[in-house]
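Novice: The structure is given below, and queries will be raised subsequently.
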Amino acid sequence: MNFDQVIDRRNTESIKWTLYGEDVLPLWIADTDFLSPPAVVEALHQRVDHGVFGYGCIPEGFNEVVIRRMKTRYNWEVNADQISCVPGIVTGFTLLMRCACEKDGTVIFQTPAYPPFINSPICAGLTGIHNPMYLDQDGKYKVDYDLFEKQIIENKVKVFILCNPQNPTGRVFTQEELEKLAEICLRHQVLICSDEIHCDILYDDHKHIPIASISPEISKITATFMAPSKTYNIAGLHASVAIIQDEEMRNRYLKYKSYLVGNPGLLAMVAAKAAYEQGDEWLEENNAYLQGNRDRIEELLPIKLPGVSWSKPEATFLAWLDFRKSGLEGDYQQYLIDHAKVALNEGSTFGEEGKGFLRLNFGCTRATLEEAIDRISKALP
Ligand SMILES: Cc1ncc(COP(=O)(O)O)c(C=O)c1O
């Protein structure tokens, strides 16, 4: 596929391309500007042509596609009973938190964090504990395990929302890192809610390891959420998968789910199946193009934005940019919208540690990316 092809997304109900003015380049919310795999578009056409859209069910063979995918990609054995579908990952993890916690339970997650990790517990009447990551001497974001354990004990934490690969830092946690996190959760009976939505967009030789695949003990305390949304750029359709291997946890989750949310929409499931079944070749090209974008940012930062630094992402199409030494003052996001005509995500929405940072979505054509960086460069003081 030609990822340099410019697709006009204005007037297509795209929130990314609607929220800001016509003259603003939107590099914020996490979808890409690329066409989805041809097999997905074809499957949707066929289903739409049928013309009847009554209540749907999980497509025949969908669970088998997921089972095969888990085995071939991660050497993880799951069975059909353990798989269920949910319209979105935010919906899924909010549901899980609600059914795992008493009314006033406590939830922990690493920060900077995807904003719903911060806000969903609050809306569900729960308390969220922020576990700040730090930059090590190699410029990589790391977890402070001692602090993580101390916070779990002191706050009687019930649920850990793991984000792997991590949004916004782009870290892919290694087996050793995942084992350390899991050991702490096992020691204190903390349930792991593992958001792995970004697991398919990986760079260099980074490998995704579902935390539940490490051992049966870890799987017993883990609910895993994955989706084709980011992977195949179908986030607007809302089809996500939950894999819960522990029977008791699964039954509780499914009971709550049956009263609170339904399955994804019929077209979402058609697209999800086609994507998972026939999207692999497209995905390789997508990842190669995105890796090229990531590397272009690395080349351009010292030339165009010398006051901006980053920790090179190992996964995701998100760049977490540190503007604290850029000379900007006040509201960085608004300044760039007004003066550069580029919209990025405001870092402080990712928690206290995000102050002075902006998140740039490089899931766009290389020309758009270069234009955005050029505009930012010219607008900086
Ligand atoms: C870590 C993470 N989880 C969940 C989501 C959204 O998932 P959904 O749209 O399926 O609710 C995103 C989207 O950016 C994300 O980055």
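Novice: Would you be able to say whether some residue in the stretch 31-39 is among the aliphatic types (A, V, I, L, M) and either surrounded by 15 or more Cβ atoms within 10 Å (Cβ to Cβ) or within 30 Å of Ser213 (Cα to Cα) (or both)?
Specialist: There is at least one residue in the stretch 31-39 that is among the aliphatic types (A, V, I, L, M) and either surrounded by 15 or more Cβ atoms within 10 Å (Cβ to Cβ) or within 30 Å of Ser213 (Cα to Cα) (or both).
Novice: Just checking, does the stretch 159-175 include any residue being over 22 Å from the mean Cα position of the chain (by Cα), modelled with pLDDT of 95 or more and surrounded by fewer than 16 Cβ atoms within 10 Å (Cβ to Cβ)?
Specialist: Taking every residue of the stretch 159-175 in turn, none turns out to be over 22 Å from the mean Cα position of the chain (by Cα), modelled with pLDDT of 95 or more and surrounded by fewer than 16 Cβ atoms within 10 Å (Cβ to Cβ).
Novice: Counting just the residues of the stretch 335-350 that are within 16 Å of the ligand (Cβ to nearest atom) and either among the hydrophobic types (A, V, I, L, M, F, W, C) or touching a strand residue (DSSP E or B) at 6+ places or on another chain (Cβ under 8 Å) (or both), which one comes out nearest to Ile118 (Cα to Cα)?
Specialist: Phe350
Novice: Those residues that are without any contact (Cβ under 8 Å) to a residue 40 or more places away in the chain and not in a loop (DSSP other than H, G, I, E, B), I need them from the stretch 335-375; list them, please.
Specialist: Selection gives Asp338, Glu346, Ser348, Leu358.
Novice: If you check Asn131, Asn63, Asn79, Asn75, which single one turns out to be of a type in the set (S, T, N, Q) and under 20 Å from the mean Cα position of the chain (by Cα)?
Specialist: Going through Asn131, Asn63, Asn79, Asn75 in turn, just one is of a type in the set (S, T, N, Q) and under 20 Å from the mean Cα position of the chain (by Cα): Asn131.
Novice: Return the residues of the stretch 180-198 that are more than 21 Å from the chain's Cα centre (by Cα) and either at negative phi or at pLDDT below 95 (or both); say none if nothing qualifies.
Specialist: Once the filter is applied, which keeps residues that are more than 21 Å from the chain's Cα centre (by Cα) and either at negative phi or at pLDDT below 95 (or both), the stretch 180-198 yields Lys180, Glu183, Ile184, Cys185, Leu186, Arg187, His188, Val190.
Novice: Could you pull out the residue among Lys304, Lys312, Lys341, Lys325 that is under 20 Å from the mean Cα position of the chain (by Cα), basic (Lys, Arg) and not assigned by TED's automatic domain parsing to the domain that holds Gln137?
Specialist: It is Lys312.
Conditions tested, residue by residue: (1) under 23 Å from the mean Cα position of the chain (by Cα); (2) β-branched (Val, Ile, Thr).
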| site | (1), (2) |
| --- | --- |
| Val40 | yes, yes |
| His45 | no, no |
| Met70 | yes, no |
| Ser84 | yes, no |
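Novice: Now for a different question. Under 7 Å between Cβ atoms, at least 6 apart or on separate chains: pull out the pairs that start in the stretch 1-26 with a residue that is under 23 Å from Asp338 (Cα atoms) and end on any residue that is surrounded by fewer than 11 Cβ atoms within 10 Å (Cβ to Cβ).
Specialist: Trp17/Arg10
Novice: Could you tell me whether the stretch 51-69 includes any residue that is within 16 Å of the ligand (Cβ to nearest atom) and touching a residue at least 24 places away in the same chain (Cβ under 8 Å)?
Specialist: For the stretch 51-69, residues within 16 Å of the ligand (Cβ to nearest atom) and touching a residue at least 24 places away in the same chain (Cβ under 8 Å): present.
Novice: Moving on to the next point. Out of the residues in the stretch 302-334 that are assigned to a helix (DSSP H, G or I) and buried (at least 19 other Cβ atoms within 10 Å of the Cβ), which is nearest to the ligand (Cβ to nearest atom)?
Specialist: Gln333
Novice: Those residues that are closer than 16 Å to Ala80 by Cβ and not hydroxyl-bearing (Ser, Thr, Tyr), I need them from the stretch 219-245; list them, please.
Specialist: The answer is Met226, Val241, Ala242, Ile243, Ile244, Gln245.
The values are calculated or read from the model by the stated rules, or taken from the named source; none is laboratory data. As the structure is a prediction and not an experimental result, all values here were calculated from the model. Every residue, glycine among them, receives a Cβ derived from its backbone with ideal geometry; neighbour counts consider all protein chains shown.
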